[in-house]
Amino acid sequence: MRTAASVPVTAWIGFVVIAIYLFAAIFAPLLAPYGEAELVGRPFQPWGDEFRLGTDQLGRDLLSRLIYGARNTIGIAALTTMLSFFIGVSLGLLAVVRGGLFDHILSRASDVLMSIPQLIFALLLLSAFGATAVNLILILAIIDSTRVFRLARATAISVVAMDYYEAARIRGEGVVWMMRREILPNILPPLIAEVGLRFCFVFLAISGLSFLGVGIQPPTADWGSMVRESATLISYGNIMPLLPAAAIAILTIAVNFVADWFLNQTSGLRDAK
Amino acid sequence: MRNSLIFSVARLIAVRLIFGCLALFLVSMLIFMAIELLPGDFAEAVLGRSATPETVDALRRQMGLDQPAIVRYFSWIGGAIQGDFGVSMSGFGSDTRQVADMIGPRLFNTVFLAIMAAICAVPVALSMGVLTALWRNSVFDRVASVATLIAISLPEFFVAYLLSYFIISKDMFAQSQMGLLLPDFVSQGFGWLLQLVPSFPTLAIIDDAPFWEQVWRLSLPAITLTLVSVAHMMRMTRAVLISLLSSPYIEMARLKGLSPMRVILHHALRNAWAPIATVVAFNLAYLIAGVVVVEVVFVYPGIGQLMVDAVKTRDIPVVQACALIFAAAYIVLNLIADLVAIISNPRLLYPR
């Protein structure tokens, strides 16, 4: 029985922080004093009543861009994670249900994809396909889905050995039914715990690529590119580049806190590794 | 008897090496195919819609796109093995630049930085990992667990800029923007602590300076890389040791009345070398990716920065060469970990 008191402090902090971020992301147009790409003042105005956190190198309000950044960066990362799970879980379950050569080919293919460092692979594909937001989402989702595939396959294999699975197979259920109704409900806890970890990875990867200038492109407000645009200010002792970077860091910490707690609850597969 | 032992180990190692080569081959093919996957013609895509047919033809010939892919792959990989990665697309007309010449000195810089970071990170991570496993569930372990969880979550550029900021504003931290935001006693205390920190250079310039001068200039990038990789390594070392510590022979050693330190160092660690080698290799590979961002932050002329610039200008030969080097380093590191695992495990010497 899980009660509120048994949840550790770190997980509570995580939940609260995530809630604040989601609130900012959903109600961005209401919260932000100015528009996302609106030029409202002179460049590099200091903090004050008019511009709470000053303005950036083009004269856009930094606070507004930070708030809109929550919407863009989290939205893209969440979309990528969902896509990655969709690809990874469906292929993983299909591999287990089908088995044989199909399973073998998919497993070896994911092994090969996993033997290239992810950031390097993403850079390579982005240079081939061009750096746009859609390409970024697709490329990261495919690269990341290899990890999800592994986990889904590894957990599903134990389900396939169960009697109820055999019973469903003898009943003559179709492949989709086997995947959705027999396997998926039984491997859901480890998968949900993995969602948090994969989100953190995707979120950091997108921010990193945007920081390098090959991710989300301007004028979209995005935390990674905001750090890059204001990076030179750090040599003058200005903390402007640190604000979006801290926004990334705090959300990742919060998600990791929650995911860590959830992993300890469900435990099992990952601990054994 | 002894000969057959050596033979069986040699066979295991040979199998690993063959698999490593196979992985390298497949990965190189994948990297090469990245431009084949692009719908349409690569030369047209790069030059844009306004290019004349002549320039498209010229680029196509320069890249060898008029030949079948399989021929191009083997001439590319054949050259790469001999250290020739073809011609960069950044040159114009007769002013061509060899990719190998661009990569050579930068590869040395990157390896230098990565080795420096590894020398700092590995001993710290392993010893901290052992300590947290030893004092499991103590206050120290709990604090370390939360701290490493936080460290894992930090993007490399955040750590890098935060450190730069501290160094830049260290002499007057209490009056700096961040110092003014924090409560007075915190910023004053922290400012006093910062005074004790040497003023590391915040840009990693490379020239003919003597060795220790170079090391000094690289200290900040190396510290950043250490901070981001120690946490992962520590957590994995701890997990490996804890699963080992729950095995019966450790229980036995403990019940004999051995000291916890002796149990860890003499009994647990022997069997832990293989998984620890895997952990270290995995994290050094992680460090390879981290190097890219850190090089960009500190404007350090390594291949990570070269690759990012090449991606922006879509200089495909350079991107492919860099990707191949990074992937090869990753595969070789994992191969070494496998070999260490084989050599350190006497059970593998006796075939069942």
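The values are calculated or read from the model by the stated rules, or taken from the named source; none is laboratory data. What you are looking at is a predicted structure, and each value in this text was computed from that prediction instead of being measured. Note: ideal-geometry Cβ built from the backbone for every residue, glycine included; neighbour counts use all protein chains shown. The accessibility values were calculated without ligands, DNA or RNA, using every heavy atom of the protein model including side chains. Shrake-Rupley method; radii C 1.70, N 1.55, O 1.52, S 1.80 Å.
Tabulated results
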item: Residue within the stretch B:208-222 that is surrounded by fewer than 17 Cβ atoms within 10 Å (Cβ to Cβ) and farther than 25 Å from B:Leu163 by Cβ present; result: yes
item: First in the stretch A:110-137 and farther than 19 Å from A:Leu83 by Cα, second anywhere and open to solvent by 20 Å² or more (accessible area, probe 1.4 Å) and of a type in the set (Asp, Glu), Cβ under 9 Å, 6 or more apart; result: A:Ala128/B:Glu36
item: Flag for B:Ile316 being within 24 Å of the chain's Cα centre (by Cα), within 30 Å of A:Thr232 (Cβ to Cβ) and within 11 Å of another protein chain (Cβ to nearest Cβ); result: yes
item: So B:Leu244, is it in a helix (DSSP H, G or I), open to solvent by less than 40 Å² (accessible area, probe 1.4 Å) and within 14 Å of chain A (Cβ to nearest Cβ); result: yes
item: Residue, surrounded by the fewest Cβ atoms within 10 Å (Cβ to Cβ), within the stretch A:237-254, restricted to residues that are at the interface with another protein chain (Cβ under 8 Å from one of its Cβ atoms) and touching a residue at least 60 places away in the same chain (Cβ under 8 Å); result: A:Ile253
item: Among (1) in a helix (DSSP H, G or I); (2) at pLDDT below 85; (3) over 16 Å from the mean Cα position of the chain (by Cα) - the single one B:Val279 does not satisfy; result: (3)
item: Residue within the stretch A:208-229 that is open to solvent by 20 Å² or more (accessible area, probe 1.4 Å), closer than 30 Å to A:Ser115 by Cα and modelled with pLDDT of 85 or more present; result: yes
item: Of residues in the stretch B:80-113 being modelled with pLDDT under 80 and of a type in the set (Gly, Ala, Ser), the one least open to solvent (accessible area, probe 1.4 Å); result: B:Ser88
item: Residue, nearest to B:Ala310 (Cα to Cα), within the stretch A:123-140, restricted to residues that are within 17 Å of the chain's Cα centre (by Cα) and buried (at least 24 other Cβ atoms within 10 Å of the Cβ); result: A:Leu136
item: Neighbours by Cβ (under 8 Å, 6+ apart or cross-chain): first from the stretch A:215-233, away from every other protein chain (no Cβ under 12 Å); second among the aromatic types (Phe, Trp, Tyr); result: A:Ala221/A:Tyr68
item: Enumerated helices (runs of 4 or more DSSP H) restricted to the stretch B:113-229, each holding at least 3 residues that are under 22 Å from the mean Cα position of the chain (by Cα); result: B:139-153, B:156-168, B:211-217
item: Set B:Met234, B:Met261: member being assigned to a helix (DSSP H, G or I) and either without any contact (Cβ under 8 Å) to a residue 60 or more places away in the chain or closer than 23 Å to A:Leu119 by Cβ (or both); result: B:Met234
item: Filtered residues of the stretch A:141-193 (kept if exposed (fewer than 13 other Cβ atoms within 10 Å of the Cβ) and not in a helix (DSSP H, G or I)); result: A:Ala161, A:Gly172, A:Gly174
item: Subset tally (residues that are open to solvent by less than 10 Å² (accessible area, probe 1.4 Å) and either at the interface with chain A (Cβ under 9 Å from one of its Cβ atoms) or in a loop (DSSP other than H, G, I, E, B) (or both)) for the stretch B:282-300; result: 6
item: Contacts under 6 angstrom Cβ, first residue in the stretch B:6-24 being at pLDDT below 85, partner of a type in the set (Gly, Ala, Ser) and exposed (fewer than 14 other Cβ atoms within 10 Å of the Cβ), 6 or more apart; result: none
item: Flag if A:Asn264 is crowded, with 16+ Cβ neighbours inside 10 Å, farther than 30 Å from B:Pro201 by Cα and of a type outside the set (A, V, I, L, M); result: no
item: Residue match in the stretch B:172-186 (condition: under 28 Å from A:Leu204 (Cα atoms), facing another protein chain (nearest Cβ under 10 Å), at pLDDT below 90 and open to solvent by 70 Å² or more (accessible area, probe 1.4 Å)); result: yes
item: Residue ID - nearest to the other protein chains (Cβ to nearest Cβ), chosen from residues in the stretch B:119-167 that are aliphatic (A, V, I, L, M), open to solvent by less than 60 Å² (accessible area, probe 1.4 Å) and within 24 Å of B:Leu196 (Cα to Cα); result: B:Leu162
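For every residue, the table says whether it meets (1) farther than 27 Å from B:Phe19 by Cα; (2) open to solvent by less than 10 Å² (accessible area, probe 1.4 Å).
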residue: B:Ala272; (1), (2): no, yes
residue: B:Ala277; (1), (2): no, no
residue: B:Val280; (1), (2): no, no
residue: B:Gly302; (1), (2): yes, yes
residue: B:Gln305; (1), (2): yes, no
residue: B:Val308; (1), (2): yes, yes
residue: B:Ala337; (1), (2): no, yes
